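Working notes, beginning with the structure itself.
The values are calculated or read from the model by the stated rules, or taken from the named source; none is laboratory data. Everything numeric in this text was worked out from a predicted model, so none of it was measured. Cβ placement follows ideal geometry from the backbone for every residue including glycine, while neighbour counts extend to all protein chains displayed.
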Amino acid sequence: MSDGLSPFQPDSAGRPMHSPLHFSPEAPAGQMLEDASEREGGLDRRRRERRGPGVPACDGSAAARGLFPREDAGVDAGVHLRRDPPVQLCAVDLKKNYQKGPVVIPVLRGVSLSVREGEMLAIVGKSGSGKSTLLHLLATLDAPDAGEIYFDGQRVDHLAGLERDALRNRYLGMIFQFYHLLPELTTLENVLMPLMIGENVWGYVRRRRQLRQTAAGLLEMVGLGHRLRHRPRELSGGEMQRAAIARALVGSPRILLADEPTGNLDFASGREILELLHRLNAERKLTIVMVTHDPSIAEQADRTIRLVEGQLEPGAGPARL
Amino acid sequence: MYKLLLSWRYLRTRYIALASIVSVTLGVATMIVVNSVMHGFTTEMRNRIHGILSDVVFESRTIDGFRDAQWHMDRISQIAGNEIAAMTPTVVVPAMLNFEVGDQWITKPVQLIGIDPETQGKVSDFGHYLQHPANRETLSFELRERGYDTYDHQAGPNSRPRKQMAFAGMGYRRRMAESRRFLAAMTAPPGQASAPKAGAGEGASIPPADPFAGVNLADPFSQKKSEEGEAADSGYEQHTGLVMGIALGSFPQQIGKKKDGTPEYEDVFMVLPGDDVKLTFPTAGMPPQAASGLFTIVDFYESKMSEYDSSFMFMPIRKLQEMRGMIDPTTQVAMVNSIQIKLKPGVDGSALRDKLQAEFHPELYVVSTWQDKQSALLAAVQMETAILNILLFLIIAVAGFGILAIFFMIVVEKTRDIGILKSLGASGWGVMGIFLAYGLALGLLGSGVGMGLGLWLVAQINWIADVLGRITGRPVFDPEIYYFYKIPAIVDPFTVTWIVCGAVAIAVLASVLPAIRAARMHPVEALRYE
């Protein structure tokens, strides 16, 4: 069962951890696995360190190959270099094929990108260009056929199932075009769901008041404080998406992955959602990767990359508003 | 936690799944009822058989038996004295019973058992089955004046009435003798009215003529008769006492209908305590000859085992030995053909049987426990219970496949939710856990309700049988057949636990496959599912 596990625990096969997620300068990896409190300590330390400069963004080889945009190539390169936050999520040469009977359909044909901490990145492209697949790969919901994905400088695409589940639960938040709330649960319970998944029964029961407060606070923040006990079908589309955002945020993720977050909403609701995302990006310094087919939405992102037939559009360099 | 929450929510919102466990509920309820009733029947039957038979029976292979019961009992005591609570010698012979009802003679084959009134009650519940309260205390082969139960004392005052029993006893016997004498006087030719013929028997004056009247009876009997003298023959004194199986002398008769429409019966007695009957049985020795005699019924024996109630007759062992010529005229040492042994509590009857059989040559002696005596019947009931259980458990298993199918449906319906959960970080195990917990919850609910229903049905079994009988117009439980007035049901907590656990296990097992399917579902495929 993964719910009680953190990504720092060895997988079920007892394989020793070599993933950088478990890296701590003070303690060797094996020792870090010993107990939970120390694990948390290691996490804090790692977070502190990450804020400092000089943390490797992606792995060396990828950087050497120059596969992700280097913003220090700009005019004010020197200033920028020091100011630039570290790269948080980075994909190197991702390839993904889908098999339909005997026909192999290439969806991604070698996509490389990097997302810096606190950045709002929009991935645009026509339907079928592979942008959703890219997002799913970044969210570790699916494994690439080739290529590597790094989160906080450590490779995540080949993690074992339980570790990937824990990574999604703790560090990634996802929102979808169709909100994907669970219809049986109230809004509050939907928001609580990642916390319930992350905690075991006893831990949840012990901390339920605190966790409920967290969830209710987030719903308050997204403007649904009066809708805690409502079922998703009693909410409007915008409200559902805001609840979904609250759910994505409840585990204090490092990065929010949004798949067409406004695709199913009317203009006004869509704008509200976008404003909310902007606010989160600005106030919480939340990294947001957003997939959309709407250029007007993409414009509002810090940077936009365009996918054409499974590849980044040539010349679509880093765009900054 | 989310597993519990979600399975709880699914339980409350997916009524189709509830429908699928109705069969679990019914299966569990039926199994509990069937097992309780079968258990009740078996227990009741075993109690009765055990009450009639002693724990261990030591018999000779021949009907003439073995000499000197006391020597045998001493020998048995030597072998296993510390395991034996009591012993009594008996003589068992097949016999033919004749009695007169109205103007016809009824003949029935019976098992005549000579018992020692002193010790018989110590080895079995013999006394418990008698109809006179005083006889239940201490058995006596003397006819009581009156006071026989007018209802079945084992079933209580609300059972079938036995009005005739109010007359039974010595007083009845005297009145009957008076009326016969009067009738004889009325029908006899003038001049002979006041002189009853010696040796003619009381039936002689009533047509058709007593077929036994002219028979030259076997020696012991005729001697006996002349010793007893005219008084017994005339009906004022009793012959040798006889306890008769109640079904031999009575039958139930419908006397109307109760308010609820079920037929109401009363027991009609063809003979009563105080009446005389004739018994014919073989004497000892070769070739056996027929010994015959008149006996007075002093009580009825009602064990509720129809097999016994319609064949057993008990008389004093000494008298039977005398009549069969089983007493050595010089030494006065009598022969018996069986010894009833009652064990101390907790003693293993089979072990004792083997121990005794090893000492007594099996060509001459048979040692058997009461279970051996009724092994065929007990085994049949056991077999019946086992087969019923297998069938009913198959019903629950079928219900399991229903759950399997509906769970697959629910998993398909919940495909997107599974994708969402996985995208939120739920593991395959976690998703599997939701459906296993759901299956467990369904199983617990289904078998819990089934258990409640089953226990309620057991508690109300007789009322339900009545209602069903009224609806179908045919009594579900006919006391005439079973000799119990109500359905005996005993709930065995162990069995109930097993049934419930089995049903829950089936529900969980049925949810394993759908749960595995859910766990293996690819999150991206699941999210794309519409």
Among the residues of the range A:178-202, write down those that are out of contact with any helix residue (DSSP H, G or I) (no Cβ under 9 Å at 6 or more places or on another chain) and either under 17 Å from B:ARG416 (Cβ atoms) or at the interface with chain B (Cβ under 8 Å from one of its Cβ atoms) (or both).
A:ASN200
For the range B:508-528, pairs from a residue that is in contact (Cβ under 8 Å) with a residue 60 or more places away in the chain to a residue that is assigned to a helix (DSSP H, G or I) and of a type in the set (S, T, N, Q), with Cβ under 7 Å and 6 or more apart or across chains, are B:MET521/B:THR415; B:PRO523/B:SER423; B:ALA526/B:THR415; B:LEU527/B:SER423
Among (1) surrounded by fewer than 19 Cβ atoms within 10 Å (Cβ to Cβ); (2) among the basic types (Lys, Arg); (3) in a helix (DSSP H, G or I), A:LYS285 falls short only on (3)
A careful count of residues in the range B:390-419 that are more than 14 Å from chain A (Cβ to nearest Cβ) and farther than 20 Å from B:LEU445 by Cβ gives 4
Within the range B:268-309, residues surrounded by fewer than 20 Cβ atoms within 10 Å (Cβ to Cβ) and closer than 30 Å to B:ALA465 by Cα come out as B:VAL268, B:SER306, B:GLU307
Filter the range A:141-171 down to the residues that are under 10 Å from the mean Cα position of the chain (by Cα) and more than 8 Å from chain B (Cβ to nearest Cβ), then identify the one that is nearest to A:ALA258 (Cα to Cα).
A:TYR171
Would you mind stating whether A:LEU108 is surrounded by 17 or more Cβ atoms within 10 Å (Cβ to Cβ), more than 14 Å from every other protein chain (Cβ to nearest Cβ), of a type in the set (A, V, I, L, M, F, W, C) and in a strand (DSSP E or B)?
no
If we scan the range B:432-441, do we find a residue that is out of contact with any His (no Cβ under 8 Å at 6 or more places or on another chain), among the aromatic types (Phe, Trp, Tyr), buried (at least 17 other Cβ atoms within 10 Å of the Cβ) and in contact (Cβ under 8 Å) with a residue 40 or more places away in the chain?
yes
For B:GLY433, indicate whether it is touching a Leu at 6+ places or on another chain (Cβ under 6 Å) and in the same structural domain as B:MET38 (by TED's automatic domain parsing).
no
Any residue in the range A:129-140 that is in a loop (DSSP other than H, G, I, E, B), touching a Leu at 6+ places or on another chain (Cβ under 6 Å) and facing another protein chain (nearest Cβ under 8 Å)?
yes
Go through (1) modelled with pLDDT of 85 or more; (2) crowded, with 20+ Cβ neighbours inside 10 Å one by one and return the number of the condition A:GLN88 breaks.
(1)
Scan the range B:27-39 and give yes if some residue there is on the phi < 0 side of the Ramachandran plot, within 14 Å of another protein chain (Cβ to nearest Cβ) and crowded, with 19+ Cβ neighbours inside 10 Å, otherwise no.
no
What about B:GLU363, is it surrounded by fewer than 15 Cβ atoms within 10 Å (Cβ to Cβ) and closer than 30 Å to B:ARG75 by Cα?
yes
So which residues in the range B:360-387 are farther than 30 Å from B:VAL34 by Cα and touching a strand residue (DSSP E or B) at 6+ places or on another chain (Cβ under 9 Å), if there are any at all?
B:PHE360, B:LEU364, B:TYR365, B:VAL366, B:VAL367, B:SER368
Helices (runs of 4 or more DSSP H) enclosed by the range B:293-400 - at least 3 residues per element that are farther than 23 Å from B:GLN70 by Cα:
B:306-309, B:370-373
Being free of Cβ contacts under 8 Å to residues at least 12 places away in the same chain and among the acidic types (Asp, Glu) is the requirement here; does A:GLU199 meet it?
no
In the range B:145-156, anything under 21 Å from B:ALA247 (Cβ atoms) and not aromatic (Phe, Trp, Tyr) is listed as B:ASP149, B:THR150, B:ASP152, B:HIS153, B:GLN154, B:ALA155, B:GLY156
Counting only residues that are free of Cβ contacts under 8 Å to residues at least 40 places away in the same chain and more than 25 Å from the chain's Cα centre (by Cα), the range B:133-170 contains a total of 4
